Amino acid sequence: MEIRRHRLTLDASSPFGTPPGSGTLFGHLCWAKRWRDGAEALRAWLRRLPHEPFLISDLLPADHLPKPLLALAPTESAAASDAKALKRRRYVSLEAWRTLRSAVSAEALAQALRSAKGDPPLFASARSPHNRIDRRSGKTPEAGGGGLWFADELWPTQRGDHAGPIAADLYVQTTLPAREVEALLADIGAWGFGRDASLGRGRFRVEGSEPAGWLADAPTGAGTLRMLSLSQGVISQNMREARWQRFVLFGKVGRPMMAAGRRPWKLPVVLAEAGATFLPDGAGPFGAWLTGLHQDDDPTDPIGHNAFHLAIPYTEAA
């Protein structure tokens, strides 16, 4: 089967209740495929995943990639007045990465981040107030502050010219045709993604896609060949000398599974955040398709999680 790499452009049209990480996006793609092609088509696709992985990135600001985790910078760089600000940065521009990728170093990356003057504002975090309802009385509880609680939401940042929200990029590597991937994502965008989708959260539009064969292009510079992950995934044995930041995912099953009687929560999974870097041992895939993640799992129809990495090569300077 031919492996295809694509970059898709998405425009968020409502706040998101759930951060659009790679594994959660893939879970929604699975439900979209089930509704579009049927349960058996989905099962057949999932059975192929360990040997024919669907690689997907986190949702990223347009024309940006996750900031790579590099070796510790020299003392002089670490003592710079803006060191803490640079450490908090999450993204590097695609233009800067194409310049850096043949000889990436902490100093060169820091200079590129200084030139950018800040991360692109894809989402702005906001707290939304909610009230707890006593099911016996149908009213809010009088004790304990009336049952008031808050949930974090991600609101899409608008362009300065009032032309709509700032666009986002999503990268995929798959044997599926681009049109099928676009159609599945369009279904998710119409239904809503993540928490409170029934209340209008997580809506987006797919504005188009383009081939992204450059994701696999090998750099030409001298140095150590390493990989940069664009996804949230597990660290597998073929990812040597990995540098990564821990993220614990508390996932949930889809609403149809809950309606069938399964408990909503999956078991927690420790993942590496996007931006992890590693020395590849072989051609991949890197990461894994995880199973055994639910107390009510059925061995004949297991619940899984896509913890593969969509990783791109670069050369790290000595």
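The values are calculated or read from the model by the stated rules, or taken from the named source; none is laboratory data. Only a predicted model underlies this, so the values are computations on that prediction, with no experimental measurement involved. Counting neighbours? That spans all protein chains shown, and the Cβs are built from the backbone with ideal geometry, glycine included.
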For the stretch 237-252: of the residues being at pLDDT 95 or above and in a loop (DSSP other than H, G, I, E, B), which is nearest to LEU70 (Cα to Cα)? TRP244
Flag if LEU225 is at negative phi, surrounded by 13 or more Cβ atoms within 10 Å (Cβ to Cβ), in contact with a Phe, Trp or Tyr (Cβ under 9 Å, 6 or more places away or on another chain) and not small (Gly, Ala, Ser): yes
THR9 - would you say it is out of contact with any helix residue (DSSP H, G or I) (no Cβ under 7 Å at 6 or more places or on another chain), surrounded by 19 or more Cβ atoms within 10 Å (Cβ to Cβ) and of a type in the set (Val, Ile, Thr)? no
When only residues in the stretch 91-134 that are modelled with pLDDT of 75 or more and assigned to a strand (DSSP E or B) count, which is surrounded by the most Cβ atoms within 10 Å (Cβ to Cβ)? VAL104
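Counting just the residues of the stretch 149-178 that are modelled with pLDDT of 85 or more and assigned to a loop (DSSP other than H, G, I, E, B), which one comes out nearest to the chain's Cα centre (by Cα)? Give the steps one after another, and end with the answer.
Within the stretch 149-178, the first condition is being modelled with pLDDT of 85 or more, and the residues that meet it are 167-178.
Cutting the leftovers down to assigned to a loop (DSSP other than H, G, I, E, B) gives us 167, 175-177.
On the way: ALA167: 15, THR175: 19, LEU176: 19, PRO177: 21 Å.
Once the filter is applied, the top-ranked residue is ALA167.
Within the stretch 195-207, how many residues are crowded, with 21+ Cβ neighbours inside 10 Å and assigned to a loop (DSSP other than H, G, I, E, B)? Please lay out each step first, then the result.
First, pick out the residues of the stretch 195-207 that are crowded, with 21+ Cβ neighbours inside 10 Å: 202, 204.
If we keep only those that are assigned to a loop (DSSP other than H, G, I, E, B) too, we end up with 202.
Number of matching residues: 1.
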(1) charged (D, E, K, R); (2) buried (at least 18 other Cβ atoms within 10 Å of the Cβ); (3) within 15 Å of the chain's Cα centre (by Cα): which one isn't true of ARG246, the others all being true? (2)
Any chance GLU210 is in a helix (DSSP H, G or I), at pLDDT 90 or above and surrounded by fewer than 20 Cβ atoms within 10 Å (Cβ to Cβ): no
